Amino acid sequence: MKKRTRRRHSAGFKAKVALAAVKGERTLADLAQQSDVHPDQITEWRRQLQERAADVSGAAHAASNEPAVDVKILHAKIGQLSLRNDFLSGALTKAGLLSAKR
């Protein structure tokens, strides 16, 4: 008997089967036969979906709690650093320590 190769299912397929299992309109055996997946695998996908469902709504709240980045401060810092780089490259070139060819 030929051994079956390992199949990889897309996230969309897993979600569709897991949602169908959560709805409970059909039995696991029916879903397994239709999707050609073992019932234990459907149970695992359903468990993962239920565990991660809270993360979906929680992620939006967690992202909004982060402080906003002040763009003006960042632009000022970039300007300050570029000014220092220009000054140092000019001073090193005059001293002969930095070649203009690079």
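Taken together, the values in this text are just the output of simple stated rules run on the coordinates, not laboratory data. Keep in mind that this is a model prediction, so the values were computed, not measured. With ideal geometry, Cβ positions are generated from the backbone for all residues, glycine too; neighbour counts draw on all protein chains shown.
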Problem set entry | Kirkwood-type radius of the chain, with distances r between different C-alpha atoms, in Å | 19.6
Seminar exercise, completed: Over the chain, the sum of -39500 (n - 2.57) across DSSP H runs of at least four, divided by residue number and rounded to 500 deg cm²/dmol, gives at 222 nm -23500 deg cm²/dmol
Seminar exercise, completed: Computed ³J(HN,Hα) along region 8-13: with the Karplus parameters 6.51/-1.76/1.60, θ = phi - 60°, integer Hz and x for glycine or proline, the list is 10, 9, 6, 5, x, 5
Exercise. Can you run phi through the Karplus equation (6.51, -1.76, 1.60; θ = phi - 60°) for region 50-56 and list ³J(HN,Hα) in whole Hz, with x for Gly and Pro?
Worked result: 5, 5, 8, 5, 5, 5, 4
Exercise. Cα to Cα, under 14 Å, and not fewer than 8 places away if on the same chain: which aspartates and glutamates meet these conditions relative to Lys94?
Worked result: Asp86
Exercise. What ranking of Glu44, Glu25 emerges when the number of other C-beta atoms within 10 Å of each C-beta is taken as an exposure proxy, fewest first?
Worked result: Glu25, Glu44
Problem set entry | Under Karplus coefficients 6.51, -1.76 and 1.60, residue-wise ³J(HN,Hα) of region 19-36 in Hz, glycine/proline x | 5, 5, 5, 5, 4, x, 6, 10, 6, 4, 4, 5, 4, 5, 5, 5, 8, 6
Exercise. Order of Arg52, Arg7 from fewest to most other C-beta atoms within 10 Å?
Worked result: Arg7, Arg52
Exercise. Which of the listed residues, Leu92, Gln50, Pro67, is farthest toward the dipole's positive end in the chain, when Lys, Arg count +1 and Asp, Glu count -1 at the beta-carbon?
Worked result: Leu92
Exercise. For region 9-55, what relative contact order do you get, as a whole percent, if you take Cα pairs closer than 8 Å and at least 6 residues apart?
Worked result: 40
